Each structure stands twice: as C-alpha cells, then as structure tokens.
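Beneath this line is the structure, given in structure tokens, with notes to follow.
The values are calculated or read from the model by the stated rules, or taken from the named source; none is laboratory data. If you're wondering where the values come from, they're calculated on a predicted model, not measured in any experiment. Note that each Cβ is placed from the backbone with ideal geometry, even for glycine, and that neighbours are counted across all protein chains shown.
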Amino acid sequence: MKLHEYQAKGVFAGAGLPVPESRLASTVDEAVAAADEIGYPVAVKAQVQVGGRGKAGGIELVENETETREAAAAILGMDLKGLHVDRVLVESAVDFVDELYAGVTMDRAKGEPVAMVSTEGGVDIEEVAAENPDAIAREHVDPASGLQPYQARRAVFEAGVDREVATDVARVLTTLYDLWAERDATEIEVNPVMVTADDDAVCADAVMNVDDDALFRQSELAAMEEEAAGDELEAKANEYGFDYVRLSGNVGIIGNGAGLVMTTLDLVDYFGGTPANFLDIGGGAKAERVTNALDMVFSDENVDSVVFNIFGGITRGDEVAKGINEALAQFDEIPKPVVVRLAGTNATEGMEILNTDLVTVEETLESAVERAVEYTEGNQ
Amino acid sequence: MSILVDDDTRVVVQGITGGEGQFHTEQMMSYGTNVVAGAVPGRGGQEVDGVPVYDTVEQAAREEDANASVIFVPPAFAADAVLEALDSPVELAVAITEGIPQQDMAKVYAQLEVSDTDLIGPNCPGIITPGEAKLGILPGNIFAGGDVGLVSRSGTLTYQVVDNLTQRGIGQTTAIGIGGDPIIGTDFVDALAYFEDDPDTKAVAMCGEIGGQDEEEAAAFIGDHMDTPVAGFIAGRTAPPGKRMGHAGAIVSGGGGTGTAESKIQALDDAGVPVGDTPNEVADHIEAFL
C-alpha cells in the first residue's frame, strides 16, 4: 500500500521530521485560503501516486493569489499519467541551495534493510543508481539492532554531504529508518531533502510504501488504505479479497496462484491478444469466490472474452465448476464468452458438471488461451 | 535419489491442530510421508490423527526424532515459528504460510545465516520427492518418480509444468517450491546446487518470475558451476512496472525497471539455458535433454 504524499508527510511530521507547513485542498478557493494561511510563496502539488509529477505539470510554484487560482484550477481535475487529480497539497515553498536524497528500502538479495543517502537529489534515484551508482552511499542494517547513529553519519559523509548540514541529514536518516521499522514500511524515501541557505534540512517530498502483509498490526496506516486505492475495480477487488491488477487489454483472466495467472497473461500476449487484468482467486476457492471473480471481470467494460484457468492443488475442480454454473445461471444471456480449463484435483468431476451451453471447455492451458483470444476477434 | 527429503525424513508439523495443518497432515500421511509429531504451544499431550502433539519443536525433535518441520502457522505468528524451528535440532524447515510481514522475515533471514537448518519458503507449496515424501500442500497425484529436478517460485505453475512432464512420461527426482516472497530461505542457486550434486537428477526445470535478481544469479551459477542441463520459464512478461502481481515478491520496480522478465530471460539465454515461451515448451526442452 502506497501512501499519498500528504499522508506520508503527516506520518513524517508525527515522527519529528522537518516537513514544510502544508494544507490539503480540493477546490480552488480552499487552495487560496490555504496559501493565505501558510504565506507565499507556496507550491501547489497534485496528490496522485505517480512519479515525475513536476515534469507532467502537476506541481506549480506560485507567488500570489492570482497564480494560486490559475495553478489550482489547472491541476485540480487534470489527468496526470492516467490518474484523475481531485486534491492538491498547498505547501510552504522552501528556498533551497541544494537537493539531497535519503531513503530506506529492503535489499531482497541480502534479506536486509539498506539506508541510502545521495547528493544527487531531486532526480529519479533509480536513474542515478543505474548511471552513477557510486553517487549513492549505502548502509546495510541489522534488523535486530536498527540503524546506528555512526552508520548514518558514515553514509552522509561518504555521500559527500556538506559538513554544516551533515548532522541534520544523519538525523533525518535515522528517523526514517526508525519509521521504516516501526511502521512496517517496505520503502520510504525523501527526494529531495532540501538544504536551505541557513543549512537546515527539510523533507520536501515524502514517499512511503507499507507492507500489505503487516497492515493487521498497523491500524493507523490501514485506516488510510481506502483513500490510497486508485481504480474503482481495484477497490472492488480489495472488498472481495482478490489479488487483482487492472490492465488495458480485452481478454479477462481468472486463475489460481500468482505464477500461473501471470503465465496465463503472458500466453494471451503470446497468442496475439492483450490481457485485461490479473486476477488470482487464491487457493481452496469455493463457489462464491468464483461468482465474485466473474462479476469483477464482467464489470470491466474493456473485456470481450474471459479465460478461466484453474490448476487445482487445494482448489477443487468440482467446486470451481459449480461456481461457474451458478454465476452464469444468473444471466439471460452470457455477457462475454467464457473459456474454461480445469486441471488437477477433481478436474474430471468439474468438467462433467460444467454447463457447456454456457461456457467453452478446453483441455489445455494453451488451447484455452488461444480460444479466448479468438473470441475477442469476433470468430465465435 | 533425491534432494533434501526422502523415506528417512521424519516430520513434525507446526500448527497441526489448525484447519490447514490438520487437513494437510492427513494428505501428507496418505501420500506416505512419515509424520511423527505435531508442535503447538499449549496442546502438548493431545493427538491429531494418531500423531502425538508436543508444546515445542525441541520436544518433538527429541522425543520423536523429527528431522524436518512443516509450518502451517498464521502469518502474525509464523516468523516466530520459523525461528523456533531454526533453533531446534531439525535440519529442514518448510514454511507454507503466505503473508508473513517482510520485516519479520528480515529477522528470520539474519538467524538463517547462523543456523544449520535449511529453510524452504515461506509462501510456498513445499517440497516433494515422488513416492517417498511430501512436505507441504502439493497435489501428490500429478507427480511421478523419475530423473528431472524442478524448482519454482510459484505453486500452481509448478503443478502445470510437472503435469506437462508427467503426461509425457517424464518423472521427477524432487520438486521444490521456493516461494513467492521477497525474502526466502532456499533460493534458486541453493536448489540448483543440490540438484547438481544429485547423481540421479539428469536435468532441471526452473520456473522463475518477475521481481528481484534471483534468476539472474541462478543464470550465472548455471553458467559457472553446472553440468546438469537446465531449462527455464519466466512468468510475468506482460506485468506492468510497480504492480504487485499476486506474490509479494513479484514486482518490477518502477523507474529503472529492475526485476523484469526480459532481464531474466536474457541472463538465462546468455548462460545457455533455453527458456520456454509456454510451460509445455519447457517440457519440450527437458525431453530433448534426456
């Protein structure tokens, strides 16, 4: 789960990190009122979860009310890389002389968190990592004891941060690590950390991703989840408890197990189609989950055909077949053609139960996907 | 021959009194696995399907000579259960649980480096040596004994590839699901090294997916250290960056785009490992090796 900037900054401020004063606004008048309270100059920032907001026109620096009106009117309601902007953060503009990067993430290969500092702030850090890896100072952290102050100092001095601001930046880094550990973050970063003429460090942006698997013990962050959700169908998937990712194609996909569902998507592409979604109904699915899954995929207006691919381990083919029959029996006319392939536990029983007036049955993964792609081409 | 588990494996099931634990204990036993004990704190002295339950893994290992553990413990408590297994005499722990918080696994990983116990998983279907022992939730009936090793990050994709092999009469020495989480115990390189050392494994099928660098490391290992031929499959060619595709570990990171299917396929290709476009093509490559 990824927090919005304003949510992450609220968490940062609560931990004592230096963040600029800000207000959230959803109308032009609210934005003007917020700017008046904070005092000019301010930044007006779109609250959507995409990188590169500034370049895409989602961040404007303004000096007065007229400019604030113009900027807020332009940004509110705009489409930023496919996401609708319905709120802006109005934030005191920082007069900076330098931009740094500070962050904490998980090094998967080492199974250890890693804290990072760079003087190459304000640009995409993954580009820095690819082009100039030595510009990023890294400290691996023993999760049992946490990031030690000397490690933070070492990273800051290795990175070449000016001595005058080094202590402040080191403190930002240890605080970020503590937040990362206490709040079950998977990634936390400030890019840029702005350095002012007075040698203060200010967290001008805030990125925080929280481990979905730890939300059970992070109730304050879990409460922010609904607002953090983007797409309407993805919100519905949350409600049904499915792993779901919406894509832009027209072949709807339902399956069990992440690897096999991903493979089904890839095969749709391989046979010349385009996948509409990733939907994993999980292990041991009963009839009701099957019905919910079909409901999800049918409600995506881009979908022209559906492939239902189950390899039963814990999941039983007869349960799935029952669910498919029940779900489709509700319709006078099946909204989109459905191709079903069942294998594994009780697959034979499942195939016998399936109502072949309602669905097309295929024996293999490949033939099922090929058939579903054919259906989108109007070859029914 | 096989790797890690066989007829001599004596299993303790952590979480044997839970719904999943009980169901899969029955399934494992009916497959022929030698389940000798359960371990559930506070339930010592009870029995499940005739299997004696102990309060701790330590007791189960001592009293019943258990040398491997299978963990069916809910996510909030699972990391602690894994740590208990690592700090006990069992030589192998298999963690089936999905949804263990990453930071808990980071603590487990630190212990793993100093423990003599191997960990498979978490978030995995387990390990099976056909006809001898199954530790986990894999459907035993699709497997057949033979001379192909299989290692995979995904459960059902493993079943798909095994089915493609078994259907054409190609059996398996051992199949391991290493799990779909970002932080896991046994990784591709570990599993490939075991298969390389097993004289009965004549070829290996390896199923990777997007996210992380494990497949790239495996490719380098195959190129430098393996004589046994390997065929590969990589799931997630069509996955968009920044989206978690079901598995917590299956994500292409944004910006720089690390962990992509292209990068993994390229690395395997460079190491001379044929990569199938479909699961059935993996079986084609394996058949050609034998």
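Restricting attention to the stretch B:149-161, which residues are out of contact with any Gly (no Cβ under 7 Å at 6 or more places or on another chain) and more than 7 Å from every other protein chain (Cβ to nearest Cβ)?
Initially, the stretch B:149-161 is screened for residues out of contact with any Gly (no Cβ under 7 Å at 6 or more places or on another chain), giving B:149-151, B:160-161.
Answer for the stretch B:149-161, where residues must be out of contact with any Gly (no Cβ under 7 Å at 6 or more places or on another chain) and more than 7 Å from every other protein chain (Cβ to nearest Cβ): B:149, B:150, B:151, B:161.
Considering only the stretch A:217-238, I want to know if a residue exists there that is at pLDDT 95 or above and of a type in the set (S, T, N, Q). I'd like the intermediate steps shown before the answer.
So in the stretch A:217-238, the residues at pLDDT 95 or above come out as A:217-218.
Restricting the remaining residues to those that are of a type in the set (S, T, N, Q) gives A:218.
Within the stretch A:217-238, one or more residues are at pLDDT 95 or above and of a type in the set (S, T, N, Q).
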Test residue A:57 against the criterion of being modelled with pLDDT under 95, touching a Leu at 6+ places or on another chain (Cβ under 9 Å) and surrounded by 16 or more Cβ atoms within 10 Å (Cβ to Cβ), and give yes or no. no
Enumeration of residues in the stretch B:151-161 that are part of a strand (DSSP E or B) and in contact with a Leu (Cβ under 8 Å, 6 or more places away or on another chain): B:151
Checking residue A:117 against (1) surrounded by 16 or more Cβ atoms within 10 Å (Cβ to Cβ); (2) in contact (Cβ under 8 Å) with a residue 24 or more places away in the chain; (3) in a helix (DSSP H, G or I), only one condition comes out false. Which one? (3)
How many residues are surrounded by 18 or more Cβ atoms within 10 Å (Cβ to Cβ), hydrophobic (A, V, I, L, M, F, W, C) and within 13 Å of chain B (Cβ to nearest Cβ) when one looks only at the stretch A:80-113? 2
Top-ranked residue of the stretch A:346-372 - restricted to ones that are out of contact with any Lys or Arg (no Cβ under 8 Å at 6 or more places or on another chain) and among the small types (Gly, Ala, Ser), ranked as farthest from residue A:317 (Cα to Cα): A:372
Taking the stretch A:171-183 and keeping residues farther than 14 Å from residue A:114 by Cα and either in contact with a Lys or Arg (Cβ under 8 Å, 6 or more places away or on another chain) or within 14 Å of chain B (Cβ to nearest Cβ) (or both) leaves A:182, A:183
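Just to check your reading of the model, which residue among B:140, B:99, B:146 is in contact with a helix residue (DSSP H, G or I) (Cβ under 7 Å, 6 or more places away or on another chain) and farther than 20 Å from residue A:110 by Cα? Break it down stepwise before answering.
Details: B:99 fails: farther than 20 Å from residue A:110 by Cα; B:146 fails: in contact with a helix residue (DSSP H, G or I) (Cβ under 7 Å, 6 or more places away or on another chain).
B:140 is the lone residue from the list that is in contact with a helix residue (DSSP H, G or I) (Cβ under 7 Å, 6 or more places away or on another chain) and farther than 20 Å from residue A:110 by Cα.
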Residue selected from the stretch B:226-246 under the condition within 7 Å of another protein chain (Cβ to nearest Cβ) and at pLDDT 85 or above, by the criterion nearest to the chain's Cα centre (by Cα): B:235
Within 13 Å of chain B (Cβ to nearest Cβ) and either closer than 26 Å to residue B:137 by Cβ or at pLDDT 90 or above (or both): does that describe residue A:321? no
So, in the stretch B:162-210, exactly how many residues are in a loop (DSSP other than H, G, I, E, B) and within 14 Å of chain A (Cβ to nearest Cβ)? 12
In the stretch A:280-327, the residues that are part of a loop (DSSP other than H, G, I, E, B) and either over 20 Å from residue A:236 (Cβ atoms) or among the charged types (D, E, K, R) (or both): A:283, A:284, A:286, A:300, A:301, A:304, A:313, A:314, A:315, A:316
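Is it the case, given these coordinates, that residue A:128 is under 26 Å from the mean Cα position of the chain (by Cα), of a type in the set (Val, Ile, Thr), surrounded by fewer than 17 Cβ atoms within 10 Å (Cβ to Cβ) and not in a strand (DSSP E or B)? Let's see the steps before the verdict.
Numbers: under 26 Å from the mean Cα position of the chain (by Cα): yes; of a type in the set (Val, Ile, Thr): yes; surrounded by fewer than 17 Cβ atoms within 10 Å (Cβ to Cβ): no; not in a strand (DSSP E or B): yes.
Against the criterion (under 26 Å from the mean Cα position of the chain (by Cα), of a type in the set (Val, Ile, Thr), surrounded by fewer than 17 Cβ atoms within 10 Å (Cβ to Cβ) and not in a strand (DSSP E or B)), residue A:128 does not qualify.
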How many of the residues in the stretch A:1-29 are part of a helix (DSSP H, G or I) and small (Gly, Ala, Ser)? 4
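Residues in the stretch B:272-280: is at least one away from every other protein chain (no Cβ under 14 Å) and either more than 30 Å from residue B:6 (Cα to Cα) or touching a His at 6+ places or on another chain (Cβ under 6 Å) (or both)? Even if it seems obvious, please write down each step before you answer.
We begin by selecting, within the stretch B:272-280, every residue away from every other protein chain (no Cβ under 14 Å); these are B:272-274.
Checking which are either more than 30 Å from residue B:6 (Cα to Cα) or touching a His at 6+ places or on another chain (Cβ under 6 Å) (or both) leaves us with B:272, B:274.
So far as the stretch B:272-280 goes, yes, one or more of its residues are away from every other protein chain (no Cβ under 14 Å) and either more than 30 Å from residue B:6 (Cα to Cα) or touching a His at 6+ places or on another chain (Cβ under 6 Å) (or both).
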Flagged in the stretch A:250-278 as within 9 Å of chain B (Cβ to nearest Cβ), crowded, with 20+ Cβ neighbours inside 10 Å and outside any helix (DSSP H, G or I), in numbering order, are A:255, A:256, A:257, A:275, A:278
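Here are B:149, B:171, B:177: which of them is at pLDDT 95 or above, over 10 Å from the mean Cα position of the chain (by Cα), more than 13 Å from residue B:279 (Cα to Cα) and surrounded by 24 or more Cβ atoms within 10 Å (Cβ to Cβ)?
Details: B:171 fails: surrounded by 24 or more Cβ atoms within 10 Å (Cβ to Cβ); B:177 fails: over 10 Å from the mean Cα position of the chain (by Cα).
It is B:149.
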Looking at residue B:266 and the list (1) more than 12 Å from every other protein chain (Cβ to nearest Cβ); (2) on the phi < 0 side of the Ramachandran plot; (3) in a loop (DSSP other than H, G, I, E, B), which single condition is not satisfied? (3)
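Taking the stated definitions as given, is residue A:262 over 24 Å from residue B:278 (Cβ atoms), within 20 Å of the chain's Cα centre (by Cα) and of a type outside the set (S, T, N, Q)?
no
Conditions tested, residue by residue: (1) surrounded by fewer than 21 Cβ atoms within 10 Å (Cβ to Cβ); (2) in contact with a Gly (Cβ under 9 Å, 6 or more places away or on another chain).
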residue: A:140; (1), (2): yes, no
residue: A:146; (1), (2): yes, no
residue: A:163; (1), (2): yes, no
residue: A:170; (1), (2): no, no
residue: A:181; (1), (2): yes, yes
residue: A:193; (1), (2): no, yes
residue: A:199; (1), (2): yes, no
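Is there a residue in the stretch A:85-93 that is closer than 30 Å to residue B:214 by Cα, touching a residue at least 60 places away in the same chain (Cβ under 8 Å) and part of a loop (DSSP other than H, G, I, E, B)?
Step one: list which residues in the stretch A:85-93 are closer than 30 Å to residue B:214 by Cα, which gives none.
Taking every residue of the stretch A:85-93 in turn, none turns out to be closer than 30 Å to residue B:214 by Cα, touching a residue at least 60 places away in the same chain (Cβ under 8 Å) and part of a loop (DSSP other than H, G, I, E, B).
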Members of the stretch A:328-377 that are surrounded by 17 or more Cβ atoms within 10 Å (Cβ to Cβ), hydroxyl-bearing (Ser, Thr, Tyr) and assigned to a helix (DSSP H, G or I): A:375, A:376
